[in-house]
Amino acid sequence: MKNTALTAIHTQLGAKMVPFAGYNMPVQYAGINVEHEAVRKAVGVFDVSHMGEFILKGENALDLIQRVCSNDASKLVDGKVQYSCLPNVDGGIVDDLLVYRMDDKSYMLVVNASNIDKDWNWISKYNTKGVEMHNISEKTSLLAVQGPNAASTLQKLTDINLSDMEYYSFQKGVFAGVENVLVSATGYTGAGGFEIYFENEKAEIIWNAIFEAGAEFDIKPIGLGARDTLRLEMGFCLYGNDINDTTSPIEAGLGWITKFSKEFTNSKNLLAQKEAGVKRKLVGFEMIDRGIPRHDYKIVDEQGNEIGIVTSGTQSPSLQKAIGMGYIDVAFAKENSDVYILIRDQKIKAKVVKYPFYKG
């Protein structure tokens, strides 16, 4: 089991630690609901140093990214970030990721922790034109500082003008006295905020500085439990739950990051799928009757015929109701359609709704 550079601090803070993607990670500190509310209403800090980071450099770096990623990275300019995915050859998804353009010959890819080796091997297989690749995951720490008071907290620690930083952009600079820190206006909560990348050796300095700066806003450490409820309220996909090697980006509602203006892995088949229409699609639903949907619960129609499967579900702390995501037959995918979740062999009524569940 790997540790992050901050594992000792999480333990000192009384975090409940769990194995996640090969790492010893905090799932909660004070409790999921308390932490969730802190991010929605104030500011919270997630240690997400388990995520993977790859640097791609050289004349053909963009060409490689274009061939393995679904989105069109040629649209990026220096300092911009793009959400994308790595399609496989069978119609599914190797992983979803972020692409950072440092300059025209240098990019950073941020991938999911559970897929670091898998993604590295996949991209390497297509690296036929000598792109310089560096896996910096093991030496890089990452904090997500999220919530309406995130900018006010972090601005005390840097000369980078955070209020002017557009969504999905980034800058490098001095942060908490540490040089060469990358600050990006990205996140996975829908509450606004920033993600901060730096070398492991600086982790405690930066963590402590952020908590000192955020003390006036009652800043809190946040675990993976609240990270999941926050992203689910926004309808954001989680790899391994809502998307995987067998789910197509078109089925998953990720057509907006699947650009057919270029060729990429399996693009012809995905284009054909888009044009023909999918048989199932990923939708959001909220429970009408009492019950909490869980991963792999069956979705049925009024007669009890199976029409889909739950991929994610929880009791939403913000909405005080149970919500979920799942793949269902397109005939039942329209907004406000009634569906039923099988919970302990009981049909529990739900209705299809649009994302995001939480409107803010």
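Values quoted throughout were computed directly from the atomic coordinates according to the rules given, and no laboratory measurement underlies them. Everything quoted here is computed from the prediction, not taken from an experiment. Cβ: placed from backbone, ideal geometry, glycine included. Neighbour counts: every protein chain shown.
Computing FRET efficiency as 1/(1 + (r/R0)^6) for residue 168 and residue 12, where r is the C-beta to C-beta distance and R0 is 41 Å, gives about 0.75. The separation of the range 219-249 from the range 48-84, counted between C-alpha centres, amounts to 21 Å. Using the empirical formula 2.2 N^0.38 Å as the baseline, the Cα radius of gyration of the chain reaches a ratio of 1.00. Basic side chains Lys and Arg get +1 at the Cβ, acidic Asp and Glu get -1 at the Cβ, and with that the dipole of the range 1-116 about its Cα centre reaches some 280 debye. Looking at the range 166-292, the DSSP beta bridges with both ends there are about 90 percent antiparallel. Picking from 137, 185, 160, whose Cα lies most toward the positive end of the charge dipole for the chain (charges on Cβ: Lys, Arg +1; Asp, Glu -1)? So the residue we want is 185. In straight-distance terms, cross-link reach from residue 268 covers every one of the lysines whose alpha-carbon lies under 19 Å from its own, apart from those fewer than eight places away in the same chain; here that gives 259, 279.
From the P(r) of the range 275-356, could you give the percentage of C-alpha pairs in the tail past 19 Å? Cα-Cα pairs of the range 275-356 separated by over 19 Å account for 26 percent.
What the phi angles of the range 218-224 give under the Karplus curve with 6.51, -1.76 and 1.60, with θ = phi - 60°, is a coupling list of 6, 4, 10, x, 10, x, 5 Hz, glycine and proline written as x.
Here the spin labels are modelled as points 7 Å beyond Cα on the Cα-Cβ line, and at residue 275 and residue 33 they lie 5.3 nm apart. Summing Cβ point charges (Lys, Arg +1; Asp, Glu -1) relative to the Cα centre of the chain gives a dipole of roughly 720 debye. Which net charge results when you count Lys and Arg as +1 and Asp and Glu as -1 among the other residues whose beta-carbon is under 14 Å from that of residue 121? So the environment of residue 121 carries a net charge of -2. Taking amide H atoms as placed 1.01 Å from N in the peptide plane, the amide H of residue 49 lies under 5 Å from those of 142, each 5 or more residues away in sequence or on another chain.
Sequence-ordered 3J(HN,Hα) estimates for the range 91-106 from the Karplus curve with 6.51, -1.76 and 1.60 and θ = phi - 60° stand at x, x, 10, 5, 5, 9, 7, 10, 10, 9, 9, 6, 7, 5, 10, 8 Hz, glycine and proline given as x.
Summarising the label geometry, the points placed 7 Å from Cα in the beta-carbon direction at residue 117 and residue 156 lie 4.2 nm from one another. Full extension of the chain between residue 344 and residue 211 yields a length gain of 43.5 nm, computed as 0.36 nm times the residue separation minus the alpha carbon distance.
Okay, which of the range 126-146 sit inside 20 Å, backbone N to the point 7 Å along the Cα-Cβ direction of residue 179? Correct set: 140-141. Taking a threshold of 32 Å on the Cα-Cα distance, which of the pairs 274/351; 80/220; 172/281; 129/274 fall above it? The pairs that break the limit, which is 32 Å between Cα atoms, are 172/281.
Each stretch of four or more DSSP H residues adds -39500 (n - 2.57); spread over every residue of the chain, this sum gives -6000 deg cm²/dmol at 222 nm. Out of every Cα-Cα pair in the range 103-170, what percent are more than 18 Å apart? Summing the P(r) of the range 103-170 above 18 Å gives 56 percent of all pairs. Note on residue 63 and residue 294: their simple-model spin labels are 5.1 nm apart, each label 7 Å out from Cα toward Cβ.
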